[in-house]
Number of protein chains: 2
Amino acid sequence: MTVSRALNRPEIVADDTRHKILEVCERLNYRPNANARSLRTNTSHQVGVIIPDWRNAFWIDVVSGIEAVLTGAGFQLLIANSNEQGRREDLQIEAMLSQSVDGLLIAPSDGAPSGDSLSRIDELLAAGMPLVIIDRLPAGIANVSCVTIDNESGAYKATRHLLDGGHRRIGLLAGNINLDTGQQRVDGYLRGLKERGLAVDEQLIRTAETNAALVGREVGYSSTLEFLDMDNAPTALLCTSNTIAIGAIAALQERRVQIPEEMAIVSFGDMEWTTLLSPPLTVITQPTIEMGRQAGLMLLEYLEDVPEDGHKRHRKQRRIVLEPQLIVRASSVRGAAAKTIPDD
Amino acid sequence: MTVSRALNRPEIVADDTRHKILEVCERLNYRPNANARSLRTNTSHQVGVIIPDWRNAFWIDVVSGIEAVLTGAGFQLLIANSNEQGRREDLQIEAMLSQSVDGLLIAPSDGAPSGDSLSRIDELLAAGMPLVIIDRLPAGIANVSCVTIDNESGAYKATRHLLDGGHRRIGLLAGNINLDTGQQRVDGYLRGLKERGLAVDEQLIRTAETNAALVGREVGYSSTLEFLDMDNAPTALLCTSNTIAIGAIAALQERRVQIPEEMAIVSFGDMEWTTLLSPPLTVITQPTIEMGRQAGLMLLEYLEDVPEDGHKRHRKQRRIVLEPQLIVRASSVRGAAAKTIPDD
DNA sequence: TGGCAAAAAGTTAACGTTATCATACCCTCC
DNA sequence: GGAGGGTATGATAACGTTAACTTTTTGCCA
């Protein structure tokens, strides 16, 4: 009816008719039914976002970046927390498709039973669903657009910084190395050592089964205690996530280990509290908000790429890799002033 | 058609028909359309959650509690961040109603232009929409169910603790006192002083215009510096939020003020990092997750209260007030041992 | 004034479900 | 063998919107 036109394309309705309609809408407290609209148009102005753990500030920041871009463009976010469980992730994708979301932003969980949600993602791509993968890129997925962080480079920078500080035995508290991000951080660490011709001591590398926040903290704590009990304990610690770092620092404080004199420490992810610690924490910043922003923008391109011929256009796959930065603070430098190391 | 029955009420369909149907669904990759279903049934299994600031860990924890309860009961969460802006909150409620959410959980923003979203909430209640207010209860709303924290009690406990420690001049870094939570914290502080017959020095009470995280931090920082510059500076600080505390601690560290010898500090909200500080931070715990859980359960009661007669049942209003706890750590107690300094 | 194009408004059907009612089928029992 | 009662399935309409098409109105010019 004309009402629909008055609300959606006011310019093609005569002025006084429009005013009359709007006035009546106002009086009747009329509210368009989004479900009916979605049913008819097969578009919802909703975008699904699936993250693995929203108790971790990392992911909240990512979502903030996404939100800034997408709600600005008139999309509503459907946020789901997979809790690092592939099965949940799968169900959530399913639920979002049921609601005919216009697009999806997914950070694959580390617990994906490989086949399951990967093939689901392949299906989505084949169906032409606008989709951008964030932060993690499981090996099995090809031809997908994604925004990630150069974890290898981040870990390398951290390792080199510690080596420059004279450390020769550096403990690596890695997350789940079944995840590409986890493995990349190990790779960066190894590159740092190799570059200096240092042998790798497998005992100095600890991994976790999952990246879930609570587990990270626990692993950081117990692994650090184990390090401290070694005959030739490391003199520096590289923590590959803020949750791991929290556990590690707790362990060091408990044992009254002096930072950085007895143990230097570098962590991943700058948090609001890292500068409040004594000493302040050296970190590899994760450009989380920016990652969210870029992923949002990328998805937006796809969303605005209207399929005029009714058939989904074959889209070029794009990949953005963001560079992490090293911020040197006192936790990793013996008696020296802290400064930011410029990118090289 | 029979398909609908096979999927929704399998027990009333003959076994072999059902199997045939399910097999075909599988083969065709059939997925029920949630919009069509919502349109027809006028129910969406979605619950809207509106919080004022998801960059603040406080709210993320609240949402976690809500999620634990509601997704377990088969509801999907629609999370919106009002950014402490009444106008956004209003639009978000509107959008959620368009999508025929089954219920709403709202933490009213502090920037509500009083009339606007309050009357909207009244409307919702009148229309029988299941609705639970969380954490904050604006003065204008009556007859609504809510789950809150006893802020007055929390601030009182903190104040009493500091008074017990011998402090006589306690700086109060309050948030937005136009918000009931903010005013209640001031009230608790005043009760503490009054109980000991101490005069109130208005100069020791600082408030903020809004509870937005960034502002909180800034206010904590600058107000603390102002305190330190006073002729008779306070010897203790009561911060009414974790963001304010972050700013305050930053200021104290910058001025190299010894905690707790020169300035004791108590904060609201226990975070994962509060024990990592030197000294560890004394806090009033906010039962955030529990608040979310209770709000979720309360809403669930309303949701399950099916209107058999087609007319919304008049429901009893319920209120739950959760009690915060004082956790004493070294930031508020002089000397290694946590011993109480006798009164006068 | 008639004719014609453009603008505005109206009509119809369809999106994919499910509530409701109608039908077909199968058994049991007198 | 037919009435009665259950169970399983089928048919129809409706939820509120909009795409596509049709009709009406308006405005303009010859």
ask   = Going by the conditions given, is A:Glu67 within 13 Å of another protein chain (Cβ to nearest Cβ) and among the acidic types (Asp, Glu)?
value = yes
task = Could you list all residues from segment B:230-260 that are within 14 Å of chain A (Cβ to nearest Cβ) and within 15 Å of B:Phe58 (Cβ to Cβ)?
result = B:Cys239, B:Ser241, B:Asn242, B:Thr243, B:Ile244, B:Ala245, B:Ile246
remark   = If we ask which residues in segment B:1-32 are under 30 Å from B:Tyr302 (Cα atoms), in contact with a helix residue (DSSP H, G or I) (Cβ under 8 Å, 6 or more places away or on another chain) and near DNA strand C (Cβ under 10 Å from one of its atoms), their number turns out to be 5
inquiry  = Tell me the residue from A:Val13, A:Val62, A:Val24 that is more than 24 Å from B:Thr41 (Cα to Cα), in contact with a Ser or Thr (Cβ under 7 Å, 6 or more places away or on another chain) and outside the structural domain of A:Gly128 (by TED's automatic domain parsing), please.
reply    = A:Val13
inquiry  = So B:Asn211 passes all but one of these: (1) touching a Ser or Thr at 6+ places or on another chain (Cβ under 9 Å); (2) at pLDDT 95 or above; (3) surrounded by 20 or more Cβ atoms within 10 Å (Cβ to Cβ); (4) more than 14 Å from chain A (Cβ to nearest Cβ). Which condition number does it fail?
reply    = (2)
ask   = For B:Asn56, all conditions in the list (1) more than 22 Å from A:Ala34 (Cβ to Cβ); (2) within 10 Å of DNA strand C (Cβ to nearest atom); (3) facing another protein chain (nearest Cβ under 10 Å) hold save one; what is the number of the exception?
value = (2)
Flag for B:Ser64 being hydroxyl-bearing (Ser, Thr, Tyr), more than 16 Å from DNA strand D (Cβ to nearest atom) and touching a residue at least 40 places away in the same chain (Cβ under 8 Å) = yes
task = From the list B:Asn35, B:Asn42, pick out the single residue that is within 15 Å of DNA strand C (Cβ to nearest atom), open to solvent by less than 30 Å² (accessible area, probe 1.4 Å) and not hydroxyl-bearing (Ser, Thr, Tyr).
result = B:Asn35
query = With (1) open to solvent by 70 Å² or more (accessible area, probe 1.4 Å); (2) away from DNA strand D (no atom under 15 Å from the Cβ); (3) among the hydrophobic types (A, V, I, L, M, F, W, C) as the list, and A:Trp54 as the residue in question, which single condition is left unmet?
reply = (1)
inquiry  = I want to confirm something. Restricting to segment A:34-53 and keeping residues that are at the interface with chain B (Cβ under 10 Å from one of its Cβ atoms) and small (Gly, Ala, Ser), which single residue is nearest to the chain's Cα centre (by Cα)?
reply    = A:Ser44
task = Spot the failing condition for B:Ala80; the list is (1) within 10 Å of chain A (Cβ to nearest Cβ); (2) part of a helix (DSSP H, G or I), and only one is missed.
result = (2)
query = Within the group B:Leu173, B:Leu78, B:Leu104, which residue is within 23 Å of B:Ser223 (Cα to Cα) and modelled with pLDDT of 95 or more?
reply = B:Leu173
query = What are the residues in segment A:131-167 that are over 26 Å from A:Gly192 (Cβ atoms) and part of a loop (DSSP other than H, G, I, E, B), if any?
reply = A:Gly140, A:Ile141, A:Ala142, A:Asn143, A:Val144
Unmet requirement for A:Tyr30, which otherwise passes all of (1) more than 10 Å from chain B (Cβ to nearest Cβ); (2) under 16 Å from B:Ser100 (Cα atoms); (3) in contact with a Lys or Arg (Cβ under 9 Å, 6 or more places away or on another chain) = (3)
inquiry  = Tell me whether segment A:266-284 contains one or more residues that are of a type outside the set (Asp, Glu), more than 10 Å from chain B (Cβ to nearest Cβ), open to solvent by 30 Å² or more (accessible area, probe 1.4 Å) and part of a loop (DSSP other than H, G, I, E, B).
reply    = no
inquiry  = Against the definition (within 28 Å of the chain's Cα centre (by Cα), assigned to a helix (DSSP H, G or I) and more than 14 Å from chain A (Cβ to nearest Cβ)), how does B:Leu193 come out, yes or no?
reply    = yes
inquiry  = Residues that are touching a Lys or Arg at 6+ places or on another chain (Cβ under 6 Å) and either closer than 16 Å to B:Ala6 by Cα or free of Cβ contacts under 8 Å to residues at least 60 places away in the same chain (or both): does segment B:73-82 have at least one?
reply    = yes
inquiry  = For segment A:136-182, give me each residue that is among the acidic types (Asp, Glu) and free of Cβ contacts under 8 Å to residues at least 24 places away in the same chain.
reply    = A:Asp164
query = When segment B:215-257 is examined, which residues are found to be touching a residue at least 60 places away in the same chain (Cβ under 8 Å), open to solvent by 50 Å² or more (accessible area, probe 1.4 Å) and not in a loop (DSSP other than H, G, I, E, B)?
reply = none
request  = Quick one: which residue in A:Ala139, A:Ala158 is more than 27 Å from A:Ala233 (Cβ to Cβ) and either surrounded by fewer than 22 Cβ atoms within 10 Å (Cβ to Cβ) or touching a strand residue (DSSP E or B) at 6+ places or on another chain (Cβ under 6 Å) (or both)?
outcome  = A:Ala139
query = Could we say that A:Val69 is touching a residue at least 60 places away in the same chain (Cβ under 8 Å), more than 16 Å from DNA strand C (Cβ to nearest atom), open to solvent by less than 50 Å² (accessible area, probe 1.4 Å) and not assigned by TED's automatic domain parsing to the domain that holds A:Ile177 here?
reply = yes
remark   = Across (1) without any contact (Cβ under 8 Å) to a residue 12 or more places away in the chain; (2) farther than 23 Å from B:Asp102 by Cβ, A:Arg18 clears everything bar (1)
remark   = Restricted to segment A:15-32 and to residues being near DNA strand D (Cβ under 10 Å from one of its atoms) and open to solvent by 60 Å² or more (accessible area, probe 1.4 Å), the residue nearest to B:Arg37 (Cα to Cα) is A:Arg31
Tally, over segment B:5-14, of residues that are surrounded by 13 or more Cβ atoms within 10 Å (Cβ to Cβ) and near DNA strand D (Cβ under 8 Å from one of its atoms) = 3
task = Mind counting the residues in segment A:203-241 that are over 30 Å from A:Ser82 (Cα atoms) and among the charged types (D, E, K, R)?
result = 3
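The values are calculated or read from the model by the stated rules, or taken from the named source; none is laboratory data. Bear in mind that the values here come from a model prediction, so they are computed numbers and not experimental data. Heads up, the Cβs are rebuilt from the backbone with ideal geometry, glycines too, and the neighbour counts pull from every protein chain shown. With ligands, DNA and RNA removed, areas are computed over all heavy atoms of the protein, side chains included. Shrake-Rupley method; radii C 1.70, N 1.55, O 1.52, S 1.80 Å.
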